[in-house]
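Novice: Quick one: structure below, then a few questions.
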Amino acid sequence: MIGAPGNNAAAAEPSTNDPQIELGLNAAIVMVRDQQPHILVARPGTAGPGTWDALPFGPFAPRAHRTLEIGLREWVKRQTGIELGYVEQLYTFGDRGRHAEPGGAHTLSVGYLALSRDATEEMMGAHWSPWYAYFPWEDWRDGKPEILTEAIEPRLKEWAERPPRPNESARALRRPERLKIGFGIGGGWDEEKVLERYELLYEAGLVEEAKRDGRSAASQWDELPELGRPMALDHRRILATAMGRLRGKLKYRPVVFELLPPEFTLYDLQKTVEAISGTLLHKQNFRRLVEKGGLVEPTGNVSTETGGRPARLYRFRREVILERPAPGLRVKAGRG
């Protein structure tokens with residue numbers, strides 16, 4: 001307990017040499033276009049050191065921002081020109097050495113997930129970028145990604161066989177067990193464990209961010225493989241958290257409709273779910289699931305953009321929120 005008497009009280013006293021703490025606000029803003037999920041990234045160099053992509057972010061100013069979310073919305077508006085709709089807080093990131101500059105203030109980053117229908121190609125100070133460019137091993141729609149078989153799994157297996165670090169002895173799971181849970185090596189793949197997979201790659205020193213941060217594990221490899229596009233500061237970690245959260249939330253909340261226009265075809269709905277989850281779904285099973293769940297209703301209009309027979313247009317049936325406590329799409333991921 002903080003402030004409790006005892007021998008540990010003195011050890012818990014903060015040092016006067018500790019760096020100052022700053023509070024940063026970060027937004028992983030997601031949009032789906034051409035059956036690909038995109039995120040909004042700041043122009044290289046405009047929102048962080050170096051030339052790596054960065055999520056829109058800025059410091060929280062208590063006197064100017066009444067709440068954290070208001071501060072986030074103002075920063076995103078200022079950096080990109082976009083007005084955020086759906087927003088939810090993800091997590092607070094504060095690991096030492098993964099954000100702070102040497103000798104500078106230590107930054108706690110409050111990450112947010114935001115969903116958008118805005119497909120504007122160019123915005124002031126920002127652009128849309130496919131999220132699988134940062135996590136190519138997460139897209140299974142064309143079968144198991146080659147990058148897993150050829151680059152990731154062999155190196156992770158090699159890393160798992162190395163002697164563990166002293167502080168790993170306190171972990172409940174050993175490295176091979178963590179690889180089984182995270183990457184399905186010797187087990188099954190869980191599409192929601194995006195952050196766990198990225199953290200394993202970081203810990204093993206296999207991503208550029210680990211090399212940039214001076215992690216000793218990165219120096220043990222002769223050459224790092226190209227494992228997706230790196231991001232400034234801790235932003236790929238925040239994006240991984242947002243991806244896993246959104247994939248999980250599809251199953252118990254109707255958030256997918258925040259990414260669709262007011263009217264859509266069932267084909268559009270299925271392809272949007274597949275894009276986010278990174279897996280293909282059986283067409284008839286998916287449509288039965290949607291109809292049984294009462295998530296949509298026909299508008300009476302049709303779309304002729306399919307190139308074949310006109311497709312019926314649907315809209316989200318908002319009454320379902322009052323009818324069921326968890327009106328999501330409990331799809332079962334399939335693997336090629």
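Novice: Here are Arg237, Arg229, Arg287: which of them is buried (at least 19 other Cβ atoms within 10 Å of the Cβ) and touching a helix residue (DSSP H, G or I) at 6+ places or on another chain (Cβ under 9 Å)?
Specialist: Unique residue meeting the criteria: Arg237.
Novice: Let me ask another. If you take the residues in the stretch 217-266 that are among the small types (Gly, Ala, Ser) and in contact (Cβ under 8 Å) with a residue 24 or more places away in the chain, which one is farthest from Val30 (Cα to Cα)?
Specialist: Step by step, filter the stretch 217-266, then rank; the result is Ala217.
Novice: Might you check whether a residue that is more than 28 Å from Lys193 (Cβ to Cβ) and either β-branched (Val, Ile, Thr) or assigned by TED's automatic domain parsing to the domain that holds Tyr112 (or both) occurs anywhere in the stretch 238-252?
Specialist: Looking for residues that are more than 28 Å from Lys193 (Cβ to Cβ) and either β-branched (Val, Ile, Thr) or assigned by TED's automatic domain parsing to the domain that holds Tyr112 (or both), one finds none in the stretch 238-252, hence no.
Yes/no per residue for (1) of a type outside the set (A, V, I, L, M, F, W, C); (2) touching a strand residue (DSSP E or B) at 6+ places or on another chain (Cβ under 8 Å); (3) on the phi > 0 side of the Ramachandran plot:
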position	(1), (2), (3)
Gly186	yes, no, yes
Lys193	yes, no, no
Leu201	no, no, no
Glu209	yes, yes, no
Arg215	yes, no, no
Arg236	yes, no, no
Arg247	yes, no, no
Arg253	yes, no, no
Glu263	yes, yes, no
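Novice: When the stretch 183-207 is examined, which residues are found to be closer than 14 Å to Arg155 by Cβ and either at pLDDT 90 or above or within 20 Å of the chain's Cα centre (by Cα) (or both)?
Specialist: Phe183, Arg197, Leu200, Leu201, Tyr202, Glu203, Ala204, Gly205, Leu206, Val207
Novice: Please determine, by comparing only the residues of the stretch 253-274 that are polar (S, T, N, Q) and assigned to a helix (DSSP H, G or I), which one is surrounded by the fewest Cβ atoms within 10 Å (Cβ to Cβ).
Specialist: Thr272
Novice: Return the pair list, or none, for Cβ contacts closer than 8 Å from residues in the stretch 200-211 that are among the hydroxyl-bearing types (Ser, Thr, Tyr) to residues that are surrounded by fewer than 20 Cβ atoms within 10 Å (Cβ to Cβ), at least 6 apart or on different chains.
Specialist: Tyr202/Arg215
The values are calculated or read from the model by the stated rules, or taken from the named source; none is laboratory data. This one's a predicted model, so the numbers in the text were calculated from it and none came from an experiment. In this analysis, Cβ positions are derived from the backbone assuming ideal geometry, glycine residues included, and neighbour counts consider all displayed protein chains.
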